[in-house]
Amino acid sequence: GDSVTQTEGLVTLTEGLPVMLNCTYQSTYSPFLFWYVQHLNEAPKLLLKSFTDNKRPEHQGFHATLHKSSSSFHLQKSSAQLSDSALYYCALTSLNYGSSGNKLIFGIGTLLSVKP
Amino acid sequence: NSKVIQTPRYLVKGQGQKAKMRCIPEKGHPVVFWYQQNKNNEFKFLINFQNQEVLQQIDMTEKRFSAECPSNSPCSLEIQSSEAGDSALYLCASGGLSQNTLYFGAGTRLSVL
């Protein structure tokens, strides 16, 4: 079945350093990939989603590129800010609803902690 | 700010009690999902709807949980007989049919004592 893997449970960085959060996936059909961010006691919010035309989505300084050859959608930012501290979830849904249904399948999340 | 409204924000119940939470999806969104986010922050899919029809639900949902999305009324998720293991954040999300994107509410945090 479809699945999402986030290998890092916790990433601790110093402010100003680059961010990279890993996400790999398994999907039987063509997937849409997403990154959601959840700050403490808040709703998960959509940060990025993949495009079908290989454009690289960007938002709030974050970007991610869907690499079908390596089944990856890593999240990157050139310079971490204190306000980036949050839980980040990679998620997948399939274009063909017969595979994952039309469920959004989440990874286990990566806690990003940015320190001064 | 999220346009998906969930009430109540916090819910405290004793074991065996019913627990009911509500969700108003974003206007115009026909798809509604319920997820359970446990103490390890993992998301567990519970049930989803398209308009008023159930699309998918997991076994747990079939047995102790009931959910509905009536027309012109809030969607609801109810646990018939709460167990300690049900303590979690229950997230409602809505979306459009063609976008594959879900927008989440702030959740209802259930504590079963």
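Across every pair of different alpha-carbon atoms, what Kirkwood hydrodynamic radius in Å does the protein assembly as shown reach? Let's see the in-between values first.
Details: mean 1/r = 0.0551 Å⁻¹.
One over the average 1/r among Cα pairs gives 18.2 Å for the protein assembly as shown.
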Output wanted: per-residue J couplings in Hz (rounded whole) for the range B:104-113, from phi through Karplus 6.51 cos²θ - 1.76 cosθ + 1.60, θ = phi - 60°, x for Gly and Pro. 9, x, 6, x, 10, 8, 9, 10, 10, 8
Interchain or sequence-distant (5+) residues whose placed amide H lies within less than 5 Å of the amide H of B:Tyr90 are B:Gln37, B:Thr108, B:Arg109, B:Leu110
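What percentage of all Cα-Cα pairs in chain A are separated by more than 17 Å?
Working: 3477 of 6670 pairs.
The proportion of pairs with Cα distances above 17 Å equals 52 percent.
Given a Förster distance of 25 angstrom, what is the FRET efficiency for B:Asn38 paired with A:Gln60, based on the Cβ-Cβ distance and rounded to 0.05? Don't jump to the answer; show the numbers that get you there.
Values: r = 27 Å, r/R0 = 1.10.
Calculated value: 0.35.
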Along the range A:59-73, what does the Karplus equation 6.51 cos²θ - 1.76 cosθ + 1.60 (θ = phi - 60°) give for ³J(HN,Hα), rounded to whole Hz, x for Gly and Pro? 7, 6, x, 8, 8, 8, 10, 7, 10, 5, 5, 10, 6, 10, 8
Hey, what do the phi angles of the range A:3-12 turn into as Karplus ³J(HN,Hα) couplings, whole Hz, using 6.51/-1.76/1.60 and θ = phi - 60°, x for Gly and Pro? 7, 10, 10, 10, 7, 9, x, 9, 10, 10
Let me know the charge dipole size of the range A:3-115 about its Cα centre in debye, to the nearest 20, where only the beta-carbon of Lys, Arg (+1) and Asp, Glu (-1) is charged. 220
Accessible surface of the range B:5-112 [probe 1.4 Å, protein heavy atoms]: carbon and sulfur percent: 44
Search the structure for amide H atoms under 5 Å from the amide H of A:Leu47, placed 1.01 Å from N in the peptide plane, and list their residues when 5 or more places away or on another chain. A:Trp35, A:Tyr36, A:Val37
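Taking the Cβ-Cβ separation of B:Leu55 and A:Ser3 as r and a Förster radius of 22 Å, what is the calculated FRET efficiency to the nearest 0.05? If you can, show how the numbers build up before the last one.
Numbers: r = 20 Å, r/R0 = 0.91.
So the FRET efficiency works out to roughly 0.65.
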Between Rg and the Kirkwood Rh of the range A:1-58, both from Cα atoms, what is the Rg to Rh ratio? 0.99
Would you calculate the separation in nanometres between label points at B:Lys63 and B:Ser111, each defined as 7 Å from the Cα along the Cα-to-beta-carbon direction? 2.7
Neighbourhood charge, 13 Å Cβ-Cβ cut-off, centred on A:Ala43 and excluding it, Lys, Arg +1 and Asp, Glu -1: +2
Spacing of the two label points (7 Å from each Cα toward its C-beta) at A:Leu40 and A:Lys68, in nm: 4.2
Report the charge-dipole magnitude of the protein assembly as shown in Debye, nearest 20, computed about the Cα centre from +1 at each Lys and Arg Cβ and -1 at each Asp and Glu Cβ. 320
Treating only the Cβ of Lys, Arg, Asp and Glu as charged (+1, +1, -1, -1), what charge dipole size does chain B show about its Cα centre? Round to the nearest 20 debye. 380
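For chains B and A, what's the summed buried accessible area, probe 1.4 Å, to the nearest 100 square angstrom? Can you show the working numbers first?
Working: alone 6520 and 6440 Å², together 11240 Å².
Adding both sides of the contact gives about 1700 Å².
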Kindly identify the range B:12-113 as rounded, prolate or oblate by the Cα gyration tensor criterion: order the square roots of the eigenvalues as a ≥ b ≥ c, call it rounded if a/c is under 1.5, otherwise compare a/b with b/c, prolate if a/b is larger, else oblate. prolate
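The values are calculated or read from the model by the stated rules, or taken from the named source; none is laboratory data. Remember, predicted model here, so these are calculated numbers, not experimental data. Glycine gets a Cβ as well: all are built from the backbone with ideal geometry, and neighbour counts include every protein chain shown. Please note that ligands, DNA and RNA were not included when accessible areas were found on the heavy atoms of the full protein model with its side chains. Shrake-Rupley method; radii C 1.70, N 1.55, O 1.52, S 1.80 Å.
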